[in-house]
1. Checking B:ILE16 against (1) in a loop (DSSP other than H, G, I, E, B); (2) within 30 Å of B:VAL131 (Cβ to Cβ); (3) not small (Gly, Ala, Ser), which test does it fail?
2. Please work out which one of (1) outside any helix (DSSP H, G or I); (2) more than 28 Å from B:VAL188 (Cβ to Cβ) is the condition A:VAL48 fails and give its number.
3. Go through (1) within 12 Å of chain B (Cβ to nearest Cβ); (2) of a type outside the set (S, T, N, Q); (3) part of a loop (DSSP other than H, G, I, E, B) one by one and return the number of the condition A:GLU125 breaks.
4. Specify which of the listed residues (A:GLU110, A:GLU190, A:GLU148) is of a type in the set (Asp, Glu) and either closer than 30 Å to B:GLY84 by Cα or modelled with pLDDT of 95 or more (or both).
5. Please find, among B:VAL72, B:VAL48, B:VAL93, the residue that is buried (at least 23 other Cβ atoms within 10 Å of the Cβ) and either more than 13 Å from chain A (Cβ to nearest Cβ) or not polar (S, T, N, Q) (or both).
6. Before we move on, is B:ILE53 modelled with pLDDT of 90 or more and more than 11 Å from chain A (Cβ to nearest Cβ)?
7. Only one of (1) farther than 26 Å from A:PRO14 by Cα; (2) aliphatic (A, V, I, L, M); (3) touching a Pro at 6+ places or on another chain (Cβ under 9 Å); (4) crowded, with 17+ Cβ neighbours inside 10 Å fails for A:VAL117. Which number is that?
8. I'm trying to understand the selection: among the residues of the range B:125-166, which are open to solvent by less than 20 Å² (accessible area, probe 1.4 Å), small (Gly, Ala, Ser) and in contact (Cβ under 8 Å) with a residue 24 or more places away in the chain?
Number of protein chains: 2
Amino acid sequence: MTKNNENQTILPEPTIRRLPWYLSYVRMLDNLHVEYVSSTQISKELNVQSSQIAKDLSFLNIRGKTRIGYEVHRLACELEDFLGFNHQHDAVVIGTGSLGTALMQDRGLEHYGLNIVAGFDVRSEVIGQSVGGVPVYAIDELAAWQREHGVSIAILTVPVERAQETADLAIASGMTALWNFTPYRIRVPEDVVIANTSIYAHLAIIYNRMGMS
Amino acid sequence: MTKNNENQTILPEPTIRRLPWYLSYVRMLDNLHVEYVSSTQISKELNVQSSQIAKDLSFLNIRGKTRIGYEVHRLACELEDFLGFNHQHDAVVIGTGSLGTALMQDRGLEHYGLNIVAGFDVRSEVIGQSVGGVPVYAIDELAAWQREHGVSIAILTVPVERAQETADLAIASGMTALWNFTPYRIRVPEDVVIANTSIYAHLAIIYNRMGMS
């Protein structure tokens, strides 16, 4: 299997969710100059069955050695590469309110391959300003801007009542992947990628589990 | 079924994840002064099967009327109440880096019942400062501070390599619910509530689905 073929594999979502756990763990081991790690060790540390770990890692271009396990540094690099964290992917933020500007200023995202190059908003007081060095444009300019810059990823941090119309506009402007931070369940055409980060649903889970809602 | 009994029900996680979608939709309808909504309408709008919606809403203290559906305003209130979004829950942020300070400044969380009352950090240059009106203390003070204030929810926005030790410290200091924003798979005792908001896993899903990782 070549690297490109691998990268084009549509992985099951649960696998993609676990791979970053393995990555953070092996990065830590790598920082501690640990040389090898077995799926049994990863299993103990992360509370995931070791057969599952072996299966998840089988998508990668790396093999563990019998009784020794995986080479830590190589496993970290392969995971980063496979997850796309060591390439830069340009993105825009639509909705430069508190969450939007937070993401524009969060240098952490760069370590995961996300490079926010522009913000868009409807409010005249922020248009023409910049946030963390990233310029903010009028939302009306999105289509023209996209034609010029070819960016495909839009991060939606608009008020919830604007979620669907903004998504429609982003898609009409040529965006092909939406990262939706609003609690709204946005409908998109089949060829558009969408990831929902439902921060507020997680709060509801915490409240419910605490029995204090 | 009384309200209290309902609220103490441990709901299936998929149900809790869907309820905020229904809430954002019916809140929007309520703003448009729509009076009734059926599960069929919600189904069409949100792309969830209407039998599933009826089942999810059966946990709530509300019943739809045949042929008319649910009273929009009451459904919105019941959902907010049930999800715990209309009570204030105090929380602390541990790790006041870019993501931590963003959450401390995000007024949006208040609308979902989360009230951040303190930040904790290890860096002397931020200790004693305040962020969005919220004071930042030394992490060493957490246990004493918790005994005095009795807050149970800790939001973890520390660097990934500090995730587990910080979680252990938070729990030892009396926190009983952790909202983990690090990509680390934290282990906690059974009686501690944990919610993982894996922002970076979502990025990996976007890259993979775009075939551009």
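1. (1)
2. Condition not satisfied by A:VAL48: (2).
3. Condition (1) is where A:GLU125 drops out.
4. Values: A:GLU110 fails: either closer than 30 Å to B:GLY84 by Cα or modelled with pLDDT of 95 or more (or both); A:GLU190 fails: either closer than 30 Å to B:GLY84 by Cα or modelled with pLDDT of 95 or more (or both).
Testing whether each residue is of a type in the set (Asp, Glu) and either closer than 30 Å to B:GLY84 by Cα or modelled with pLDDT of 95 or more (or both) leaves just A:GLU148.
5. Values: B:VAL72 fails: buried (at least 23 other Cβ atoms within 10 Å of the Cβ); B:VAL48 fails: buried (at least 23 other Cβ atoms within 10 Å of the Cβ).
Only one candidate qualifies: B:VAL93.
6. Working: modelled with pLDDT of 90 or more: yes; more than 11 Å from chain A (Cβ to nearest Cβ): yes.
Criteria met by B:ILE53.
7. Failed condition: (4).
8. B:ALA154
The values are calculated or read from the model by the stated rules, or taken from the named source; none is laboratory data. Keep in mind that this is a model prediction, so the values were computed, not measured. All Cβ positions, glycine included, derive from the backbone under ideal geometry; neighbour counts span all protein chains shown. Surface accessibility is based on the protein's heavy atoms, side chains included, excluding ligands, DNA and RNA. Shrake-Rupley method; radii C 1.70, N 1.55, O 1.52, S 1.80 Å.
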